[in-house]
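J.: Attaching a single structure in structure tokens format; questions to follow.
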Amino acid sequence: MIMPPDRSDDLTLQNCLFALRKKFTDDNIDTADLDARLLVQAATGVDHAGLILKSDHILTAQERRTIKKMSQRRLRREPVSRILGEREFYGRDFIVTSDVLDPRPDTETLIEVVLTAVQTLQMANRPLDILDIGTGTGAIIVTLLCELPHAKGVATDVSPAALEVARRNGIKRGVAERLNLEETSWCAGIQQQFDIIVSNPPYIVKAEIEKLDRDVKDFDPHLALNGGPDGLDAYRKIAEQCPARMKPGGLIVLEAGFDQAVALASLLMTAGFKPHDDIPIITKDLGGNDRVVTMLWP
Ligand code: GLN
């Protein structure tokens, strides 16, 4: 007698998604819904709409294995961007590895500030020179080069592995010809002068790193987080080294910790930077925290 195939073990796309969402919710992962969706999509090659259109699809053994491995990593608090090796920043995908800080939505505020200031100062059609200090993934400089097609960029990092990621992202986003990568500490040894200097340097108070979420402290390189005993070490270096690297009238736009903007603004003023009447010194991120400090070199 021919038996019907045993289907009791079959798992549909929809049931898998529900089960994963529940597992993540039960484990107190804030973004359970989104994370479950992104992992199932990546493991099955199905897009967002496909999750609904193909909800009855029976997962293959390979798909089930992939989802199991991915979900175990997420339950150990590895961020989805690191599991997938990719993160969206300002509408574009960037390669992310264990060697670089995972680009944050907060940092998109820095991009907005630069682009708005470029409009205000009517710089958009000039062949701008932009320096990104401690570039990591390269997400900031690569995004600015995409948005400002007449600009050229220099990006520094002390980590050769990070520079390799930035290099790949420059190629991926088609700006490699306008991007020069330099292995150095802050901007030591850089001779050129710039219209715009940007940075999202390490700014976490060293003693606070252990208190951060596991997603951050176990997976972001501490080199990219550690701002020293008061969190301001990188800003002191930048305030010291940048004046010699600015063109007259050039802009400096730096990301800061939520409680550091005033301290950073005063470090920059002491170094000779000045506020501009039409550009806010401090800009908040979408969460309402002070996030970006902007000044001009006279
Ligand atoms: N914004 C990151 C965080 O809150 C820190 C990034 C940095 O130090 N530049 O974890």
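J.: Can you name every residue in segment 35-63 that is open to solvent by 80 Å² or more (accessible area, probe 1.4 Å) and either in contact (Cβ under 8 Å) with a residue 12 or more places away in the chain or not aliphatic (A, V, I, L, M) (or both)?
T.: The answer is D47, H48, K54, D56, Q62.
J.: Look at segment 182-194 and say how many of its residues are surrounded by fewer than 22 Cβ atoms within 10 Å (Cβ to Cβ) and on the phi < 0 side of the Ramachandran plot.
T.: Summing the residues that are surrounded by fewer than 22 Cβ atoms within 10 Å (Cβ to Cβ) and on the phi < 0 side of the Ramachandran plot in segment 182-194 gives 9.
J.: While we're on this one: Which of the residues that make up segment 178-199 are under 22 Å from L110 (Cα atoms), part of a loop (DSSP other than H, G, I, E, B) and not hydroxyl-bearing (S, T, Y)?
T.: W186, C187, Q193
J.: Right, another one. Taking segment 200-225, which residues are open to solvent by 30 Å² or more (accessible area, probe 1.4 Å), within 22 Å of I252 (Cβ to Cβ) and assigned to a loop (DSSP other than H, G, I, E, B)?
T.: If the condition is that a residue be open to solvent by 30 Å² or more (accessible area, probe 1.4 Å), within 22 Å of I252 (Cβ to Cβ) and assigned to a loop (DSSP other than H, G, I, E, B), then Y203 is the only one that fits.
J.: When you check G138 against the structure, is it on the phi > 0 side of the Ramachandran plot and touching an Asp or Glu at 6+ places or on another chain (Cβ under 8 Å), yes or no? Break it down into steps so the answer makes sense when it comes.
T.: On the way: on the phi > 0 side of the Ramachandran plot: yes; touching an Asp or Glu at 6+ places or on another chain (Cβ under 8 Å): yes.
Answer is yes for this residue.
J.: Between a first residue in segment 215-235 that is within 9 Å of the ligand (Cβ to nearest atom) and a second residue that is of a type in the set (S, T, N, Q) and not in a strand (DSSP E or B), which pairs have beta carbons less than 8 Å apart while being 6 or more apart in sequence or on different chains?
T.: So the pair list comes out as G231/Q260.
J.: Taking only segment 70-91 into account, find how many residues are crowded, with 21+ Cβ neighbours inside 10 Å and within 12 Å of R214 (Cα to Cα).
T.: Here the count works out to 2.
J.: Still on this structure: Among the listed residues V158, V154, V175, identify the single one that is over 18 Å from T107 (Cα atoms), surrounded by fewer than 18 Cβ atoms within 10 Å (Cβ to Cβ) and either within 13 Å of the ligand (Cβ to nearest atom) or in the same structural domain as V118 (by TED's automatic domain parsing) (or both).
T.: V158
J.: Still on this structure, I have one more. How many residues, within segment 238-256, are of a type outside the set (A, V, I, L, M) and surrounded by fewer than 19 Cβ atoms within 10 Å (Cβ to Cβ)? Break it down stepwise before answering.
T.: Narrowing segment 238-256 to residues of a type outside the set (A, V, I, L, M): 240-243, 245, 247-250, 255.
With surrounded by fewer than 19 Cβ atoms within 10 Å (Cβ to Cβ) added as a condition, the list becomes 240-241, 243, 247-249.
So the answer is 6.
J.: Could you grab me the full set of residues in segment 264-297 that are surrounded by fewer than 18 Cβ atoms within 10 Å (Cβ to Cβ), of a type outside the set (V, I, T) and either touching a residue at least 12 places away in the same chain (Cβ under 8 Å) or in contact with a helix residue (DSSP H, G or I) (Cβ under 8 Å, 6 or more places away or on another chain) (or both)?
T.: Answer for segment 264-297, where residues must be surrounded by fewer than 18 Cβ atoms within 10 Å (Cβ to Cβ), of a type outside the set (V, I, T) and either touching a residue at least 12 places away in the same chain (Cβ under 8 Å) or in contact with a helix residue (DSSP H, G or I) (Cβ under 8 Å, 6 or more places away or on another chain) (or both): M269, G272, K274, P275, H276, D278, P280, K284, L286, G287, N289.
The values are calculated or read from the model by the stated rules, or taken from the named source; none is laboratory data. Nothing here was measured: the structure is a model prediction, and the numbers come from that model. Positions of Cβ are generated from backbone atoms using ideal geometry, with glycine treated the same way; all protein chains shown enter the neighbour counts. With ligands, DNA and RNA removed, areas are computed over all heavy atoms of the protein, side chains included. Shrake-Rupley method; radii C 1.70, N 1.55, O 1.52, S 1.80 Å.
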